[in-house]
1. Contact list please: Cβ distance under 7 Å, first residue in segment 157-171 and more than 13 Å from Pro231 (Cβ to Cβ), second residue of a type in the set (D, E, K, R), pairs at least six apart or on different chains.
2. May I ask you to verify whether Val223 is touching a helix residue (DSSP H, G or I) at 6+ places or on another chain (Cβ under 6 Å) and farther than 23 Å from Glu159 by Cα?
3. Condition check: closer than 26 Å to Glu141 by Cβ and either part of a helix (DSSP H, G or I) or over 24 Å from the mean Cα position of the chain (by Cα) (or both). Does Glu226 satisfy that?
4. Is it fair to say Tyr239 is closer than 30 Å to Tyr81 by Cα and aromatic (Phe, Trp, Tyr)?
5. Exactly one condition in (1) among the charged types (D, E, K, R); (2) more than 16 Å from the chain's Cα centre (by Cα); (3) under 18 Å from Val210 (Cα atoms) is not met by Arg94; state its number.
6. In the set Gln193, Gln188, Gln246, Gln216, which member is in the same structural domain as Ala176 (by TED's automatic domain parsing), surrounded by fewer than 15 Cβ atoms within 10 Å (Cβ to Cβ) and under 21 Å from Ile175 (Cβ atoms)?
Amino acid sequence: MLTWIILLALFMLAGSFGLFLWAGRETAESRRLAALTQAEAGSENARRPLDRLLAPLNLLRRLFGSERDPRLLRRLMLAGYRHPSAADVFQGTRLVLPVLTAVALSLLVSQSLLLWLIVGVVSSLLLPEIWLNRRIVQRRERIRLALPDALDLLSISMEAGLGLDQAIIRVAQDIAVSHPDLSQEWMQVSHEQSAGNPRLLAWRNLAERVNDAGVQSFVNMLVYTERFGTPVSRALATYSEALRTQRRQKAEELGAKTTIKLVVPLIFFIFPSIFIVTIAPAVIDIIHGFARLNR
């Protein structure tokens with residue numbers, strides 16, 4: 001039985017590694033996204049210890065001549081992981097986790113081992129994807145909630161005399177503690193402009209990285225004000241108020257839905273409890289009364 005377990009683990013490892021190589025074919029999109037993530041990774045001195053730690057994964061990938069999957073790079077970018085080796089770490093986790101799960105179950109479980117192996121391996125294969133999707137949604141929601149406050153600060157900074165680029169840097173530094181995700185994105189916009197990219201291209205890259213409707217509308221507003229010469233500070237104040245109104249309407253909508261959502265627990269949990277507390281003692285007394293009459 002142990003031989004079959006080892007063979008199954010080796011088969012899963014080989015299949016997962018083959019999938020890793022197939023998903024990592026070199027494309028122009030992968031090179032573009034890799035260059036974008038390289039610009040976001042930080043200074044060379046800060047990356048050096050992490051690069052040494054991840055060197056075996058990079059060496060393994062280069063040994064087989066594969067490039068990073070552009071779709072995975074984009075999803076990791078949406079989740080906030082911009083280091084070039086983040087894709088290697090994620091792929092390595094997807095390779096190792098099923099094998100470790102199979103080995104752990106073979107050592108810990110003695111009954112219904114095959115069933116537990118199937119459940120554990122399938123769960124370990126799906127767990128990294130579920131985790132990554134959740135991180136993307138959470139980061140997008142944090143940026144959406146932080147945008148109105150940041151726009152107010154941006155509008156105040158511009159009314160105080162700063163230009164748009166200088167105001168973005170100042171606000172990104174001020175919100176680094178309270179809203180680190182949005183601060184990171186705005187600092188990336190500043191870095192891209194410093195590297196020579198046009199302002200509109202840097203803002204469009206921001207919309208592509210975040211992939212949120214609110215941020216896309218914000219970028220479109222900046223593009224239109226840039227083209228038609230509208231005062232940016234006034235447009236920012238108006239858009240910030242619109243975002244707050246939208247957020248308030250969303251909260252009111254969720255509050256109105258709670259009445260319908262409470263119907264199911266009310267019927268199945270609250271009503272039976274009320275019935276037991278109020279009526280059950282009387283029913284018990286009646287049963288005892290009839291029992292005494294029958295004696």
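1. Ser157/Arg170; Leu162/Arg170
2. No.
3. Criteria not met by Glu226.
4. So Tyr239 fits the description; yes.
5. (3)
6. Gln246
The values are calculated or read from the model by the stated rules, or taken from the named source; none is laboratory data. For clarity, every value in this text was computed on a predicted model and none was experimentally measured. Ideal geometry is used to build each Cβ from the backbone, glycine not excepted, and the neighbour counts take in all protein chains shown.
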